[in-house]
Structure formats: structure tokens, C-alpha cells
Amino acid sequence: MAHVIAVAGKGGVGKTTLCGMLIQYLGEIGKGPILAVDADANSNLNEVLGVDVDYTLGDIREEIARSEMAKDSPIPAGMSKADYAEIKFNSALVEDDDFDLLVMGRTQGKGCYCFVNGLLQAQLQKLQNNYPYFVVDNEAGMEHISRGILPSMETAILVSDCSRRGIQAVGRIAELIKECDMHPKTVGLIVNRAPNGELNEGTKEEIEKQGLNLLGVVPQDEQVYEFDCAGRPTTELPEDSPVKKALREIVKKLEL
């Protein structure tokens with residue numbers, strides 16, 4: 001069974017950048033192949049990883065859900081929805097050297113999607129034995145895990161900036177994990193974009209108040225901003241990048 005690592009945080013804190021670097025590092029230390037899952041409604045993990053995506057699981061979900069209402073169904077005669085979903089599912093899998101990527105895509109439209117979500121859940125369960133690790137880039141609400149579409153997570157990494165409000169937002173995500181009975185073995189906080197890689201006393205106080213387990217601090221690095229503006233994958237940052245070095249030290253502590 002795959003070890004599922006869920007990365008979550010509110011928008012704009014650099015969550016996806018750190019998630020991409022985590023996937024890259026796990027591949028470099030021989031933990032691959034990794035299944036990277038972009039479960040954020042604002043999908044851009046592929047840009048961090050430097051791969052193109054043409055088809056998402058959201059596209060499959062919409063296509064199958066609408067097939068019953070369409071006069072010309074895309075599902076060939078005599079083929080079940082489950083078999084069709086499996087074929088399309090495989091076409092949505094973007095393969096790279098150390099990882100494969102699946103993008104969940106758009107959220108659900110009108111109508112009932114229970115059956116289609118069940119098909120996707122079954123396909124993902126089939127993949128659990130093919131990968132030692134799933135790394136899931138989630139939105140703050142972790143919709144796909146809380147709904148059971150994605151497998152249960154063993155490690156939850158919560159990402160915040162170094163503001164009090166950011167830490168409070170992460171605290172609410174930690175509470176959501178408890179409320180949804182997800183029961184990961186590890187729940188930890190990474191504070192990103194800290195000036196000089198250090199936290200001030202106010203931030204430390206808020207982390208303690210929220211009862212969060214601080215895994216580590218990642219420094220502010222203008223090179224990350226420059227790569228993003230240039231449209232370059234941040235996984236191409238040089239090996240001496242302060243962000244890369246800090247994240248790798250954090251991952252070592254997790255003993256994945």
C-alpha cells in the first residue's frame with residue numbers, strides 16, 4: 001500500500017512549490033516511482049514539476065456523468081462505464097522518470113456524481129500497490145480526501161507563511177483533519193518564506209497556541225520568485241538553493 005502524504009494550506013503560501021520539491025527529492029533518494037496528485041482546484045503542480053497536462057480526472061468525471069444524457073454517448077456500445085473510466089484514467093496519467101502525475105481538475109458541476117466518484121476512487125485504489133508514495137497537493141479543505149475519493153493519508157504536511165493569520169488558517173485545517181476522522185500518523189507544520197529563515201516571537205506564540213507540531217522553517221528566496229516569473233519549473237532551482245536545502249532537512253526528519 002502506498003504511503004499517502006497530503007500537503008495542504010491556504011492559497012498563496014507556496015504550498016505547491018514545496019510539494020513539487022518534495023516529490024523531486026523523494027525521487028532523487030530512490031523512493032520512486034511516486035504518484036503525484038494535484039487535488040487543488042487551482043491546479044498548477046504540473047508547472048512546478050515541468051510537465052504538460054492535457055486531460056484531467058475532472059474531464060473524465062464530466063464526460064461520464066453527461067454520457068447518460070447525451071444522444072451520442074462517448075462510451076462505445078457494449079462497454080461498461082467502469083471499463084471506459086479505466087481507459088480514460090490511464091490516458092490522464094502523465095508519466096515522467098521518477099513520478100507520474102494525475103490532476104483531479106475542476107470541481108463537480110450540477111447533478112449527482114456519486115457513481116462517477118466511486119469509479120475514480122476504485123481506479124486510485126488499484127494504483128496503491130504500484131507506488132510506494134502518493135504525494136497529494138490539496139486545497140485547504142482537502143475535499144478529495146475528506147470525501148474518500150483519494151486514499152487515507154498517513155502524513156499531513158501543513159504549509160503556512162510566517163504571519164499569525166497564516167498560522168491560524170493552518171490551525172483550522174488541523175482541526176478539520178480531526179473532525180473528518182482522517183487519523184494520519186503524522187501532522188506537521190512547515191512555515192514558508194520566513195525572512196532569513198527565522199520566526200519572530202509572535203509567530204512562535206501562535207504556533208504554540210494552535211498546538212501545531214513545527215517540522216521546520218523554509219527561508220524567503222527571491223530566486224523562487226524569479227523562476228516563477230520566468231515560467232521555469234522551480235524543481236530546476238540549483239542544488240545550493242536555500243529553499244531546497246531547508247526542505248530536504250525537513251524531509252530527513254520525517255523519515256519517510
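The values are calculated or read from the model by the stated rules, or taken from the named source; none is laboratory data. Here the structure is a predicted model, which is why all the values come from computation and not from measurement. Using ideal geometry, Cβ is built from the backbone for each residue, glycine included, and neighbour counts are taken over all protein chains shown. These accessible areas exclude ligands, DNA and RNA; they are computed on the full protein's heavy atoms, side chains included. Shrake-Rupley method; radii C 1.70, N 1.55, O 1.52, S 1.80 Å.
Given 20 °C and 1.002 mPa s, compute D for region 1-40 with the Stokes-Einstein relation, Rh being the Kirkwood radius over Cα pairs; round to the nearest whole µm²/s.
Stokes-Einstein gives a translational diffusion coefficient of 194 µm²/s.
Near Ser241, within a Cβ-to-Cβ distance under 14 Å, what is the net charge of the other residues, with Lys and Arg +1 and Asp and Glu -1?
-4
Can you give me the % of accessible surface on the chain that is carbon or sulfur? Probe 1.4 Å, all protein chains present, nothing else counted.
That fraction is 45 percent.
On the full set of protein chains, 1.4 Å probe, figure out the accessible area of Tyr25 and give it in Å² to the nearest 10.
30 Å²
Leaving out ligands and nucleic acids, and using a 1.4 Å probe, what accessible area per residue does region 184-241 come to in Å²?
Computed with neighbouring chains in place, this is 59 Å² per residue.
Do the alpha carbons of any pairs in Lys15/Lys252; Lys15/Lys245; Lys31/Lys81 sit beyond 27 Å of each other, and which pairs?
Lys31/Lys81
Taking the Cβ of Glu139 as the centre, find all other residues whose Cβ is under 11 Å away and add up their charges (Lys, Arg: +1; Asp, Glu: -1).
Around Glu139, the surrounding residues sum to -2.
Counting Lys and Arg as +1 and Asp and Glu as -1, each charge on the Cβ, what is the dipole of the chain about the Cα centre in debye, to the nearest 20?
820 debye
Could you pull out every one of the aspartates and glutamates with an alpha carbon less than 17 Å from that of Lys204, ignoring same-chain neighbours closer than 8 positions?
List returned: Asp161.
From Cα pairs below 8 angstrom and at least 6 apart in sequence, can you work out the relative contact order of the chain, rounded to a whole percent?
Worked out over the chain, it gives 28 percent.
If the cut-off is a Cα-Cα distance under 18 Å, which lysines reach Lys10, setting aside same-chain residues fewer than 8 apart in sequence?
Of all the lysines, those that pass the test against Lys10 - Cα under 18 Å, at least 8 places apart if same chain - are Lys178.
Would you work out if the chain is rounded, prolate or oblate? Take a ≥ b ≥ c from the square roots of the eigenvalues of the alpha-carbon gyration tensor; rounded if a/c is under 1.5, else prolate when a/b is larger than b/c, oblate otherwise.
prolate
For the chain, set up a Gaussian network in which alpha carbons nearer than 10 Å are linked by springs, and say which option among Cys162, Cys180, Cys19 fluctuates the most.
Greatest mean-square fluctuation among the candidates belongs to Cys180.
Can you list the residues, at least 5 places off or on another chain, whose amide H is less than 5 Å from the amide H of Leu214, using H built in the peptide plane?
Leu189
Assuming R0 = 22 Å, what is the FRET efficiency of Glu95 and Ala41, from their Cβ-Cβ distance, to the nearest 0.05?
0.40
Run the 1.4 Å probe and let me know the accessible area of His144, rounded to the nearest 10 Å².
10 Å²
Can you compute the modelled spin-label distance between Glu239 and Ala122, with each label point 7 Å from Cα toward Cβ, in nm?
Label-label distance for Glu239 and Ala122, simple model: 4.7 nm.
Can you compute the helix-only [θ] at 222 nm over the chain? Use -39500 (n - 2.57) per DSSP H run of at least 4 residues, normalise by all residues, nearest 500 deg cm²/dmol.
Calculated from helices alone, the mean residue ellipticity at 222 nm is -12500 deg cm²/dmol.
Using alpha carbons only, how many angstrom separate the centre of region 147-220 from the centre of region 37-99?
31 Å
May I ask what percent, to the nearest 5, of DSSP beta bridges between residues of the chain are antiparallel?
That works out to approximately 5 percent antiparallel.
Could you provide, to the nearest whole Å², the per residue accessible area of region 1-110 with probe 1.4 Å?
Here the residues of region 1-110 average 45 Å² of exposed surface.
Report the net charge of residues surrounding Cys162, where surrounding means a beta-carbon distance below 12 angstrom and charges are Lys +1, Arg +1, Asp -1, Glu -1.
Summing Lys and Arg as +1 and Asp and Glu as -1 gives 0.
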